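Beneath this line is the structure, given in structure tokens, with notes to follow.
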Amino acid sequence: MNMPPPSPPEALFEHGYRLRFILRLCLAFAAGAAALYGIFYLVLSRPLTGDYAGVFHALRNLSVFLRPVIAVSVLVYVLLVCGAIAALCVYGLHKVAGPLYRMERVMEEIREGAPTRTVSFREGDQIEPLARAFNRWIGKLRRDRQRWIAAMEDAERLCLQDDATCRARMERALREIGADMSRYR
Amino acid sequence: MKTPSARPEQKSRRKILYINPRFQGGAALVISAVVIVGGVLFGWLVYRDVGDALREAAMRGHFVMETPYEIVRDALLWHLAGLSATVSFLTVIVFLLLVKAVRIGVGRAIAAFRASEEGDLSTPTEARGLTEFRRFGELVDLARASALSRVAALREEAASLAACGLPAEAFGPRWEELKRKIREVAP
């Protein structure tokens, strides 16, 4: 049997979630660039004073010390921005990783034979349609189970009549339930 | 007046944010790699251009500038703008690729649940993309297979009970047992 089309009609991400993440990323880069600029400005904004020789030596020395200055400022930039990115990825992506982890736990419970229960995500969590699709499946299973039990209980009611009718009705109910179950494959 | 909490132990519960190192940490590592490469490239370009500008200014002896910053300002600002634009652009692309991978992986799992609703518990999810979603797809398949095996066992039991022709004394307990097992399906 073919799977239904993989593209879900419902939006997986809350409106604005991606934009907020991208904006925060850009804010981190802007802060990093501002820090980088600040360091360069501090180092390079010392006034050039003195005569020709003094200024010449100041510029020559600056060009010599430029390498460690650049190395340190780039290191500061990288540490600052990478720290912000790590925090952003942990905080921002836990709204996807959290629901996924929750669903994994539920899948493991089903596999281990624990009673099946529906899933609900926390407020602000993304990929909500996954929980909805899962809950619809569980809801369908529950409705089927109720129908099978109802068929058996209907048959039991006829046991107030004679034994043969009761038995025939029970066997019919079992065949109906078996046929109904056979749609699962 | 504040209402006292019925479950004070919840106050001390820490919210765990770092749930999936491979997913969250992996994304942070990829974006950080972009930043590090951008930073190194920026450093090299600034060293080349700003260093050249300072040496050139020293050799020419044009000291109308009051600070070295005025000599290198344009080059520095251009490189900073280039760094920010490049890193932001590449990072946004990485993030959008990540979103696409999530969409593909979760979309396959949703399709599998929809198929399960229709009774198809055996067609594999075949979630593609990130390892996390492939693993999740496998878990979904295992859960569906487990549900299928339960239903198949119940179907066999129902069929055998319908056809066995057992006496009423033996039939009754098996009927009750089957009913109990059916009740355990998605209780």
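A short reminder: the numbers here are calculations on the coordinates, not readings from a lab. Just so you know, these numbers come straight off a predicted model, no measurement behind them. Positions of Cβ are backbone-derived with ideal geometry, glycine not excepted, and every protein chain shown enters the neighbour counts.
Considering every residue in A:142-148, what mean count of other chain Cβ atoms within 10 Å of its Cβ is obtained?
Numbers: counts 3, 1, 5, 8, 4, 1, 8.
For peptide A:142-148, the averaged partner shielding equals 4.
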- Taking a cut-off of 18 Å between Cα atoms, list the aspartates and glutamates near B:Lys15, but don't count ones fewer than 8 places away on the same chain. A:Glu123, A:Asp125
- Message: Give me the dipole magnitude in Debye, nearest 20, for the protein assembly as shown about the Cα centre, with unit charges on the beta carbon: positive for Lys and Arg, negative for Asp and Glu.
- Response: 440
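Enter the per residue convex hull volume of the stretch A:103-149, computed from alpha-carbon coordinates, in Å³ rounded to the nearest integer. Can you show the working numbers first?
Details: hull volume 3.5 nm³, N = 47.
Per residue, the Cα convex hull of the stretch A:103-149 comes to 75 Å³.
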- Query: Along the charge dipole of chain A, Cβ charges K/R +1 and D/E -1, which of A:Val74, A:Val106, A:Ala11 sits furthest on the positive end?
  - Reply: A:Val74
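Quick one, could you list the DSSP H helices from chain B stretching 27 Å or more along their long axis (Cα atoms) with average Kyte-Doolittle hydropathy of -0.5 or above? All intermediate terms of the calculation are to be shown ahead of the outcome.
Working: long enough: B:26-60 (50 Å, 1.15); B:68-117 (71 Å, 1.12); B:131-164 (49 Å, 0.24).
Qualifying helices: B:26-60, B:68-117, B:131-164.
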- Message: Using +1 at the C-beta of Lys and Arg and -1 at the C-beta of Asp and Glu, which of A:Leu48, A:Phe65, A:Tyr91 has the Cα lying farthest in the positive direction of the dipole of the stretch A:35-185?
- Response: A:Leu48
- Query: Which order results if B:Ser122, B:Ser116 are arranged by neighbouring Cβ count within 10 Å, fewest first?
  - Reply: B:Ser122, B:Ser116
- Query: What order do you get for B:Leu98, B:Leu45 when you list them from fewest to most C-beta neighbours inside 10 Å?
  - Reply: B:Leu45, B:Leu98
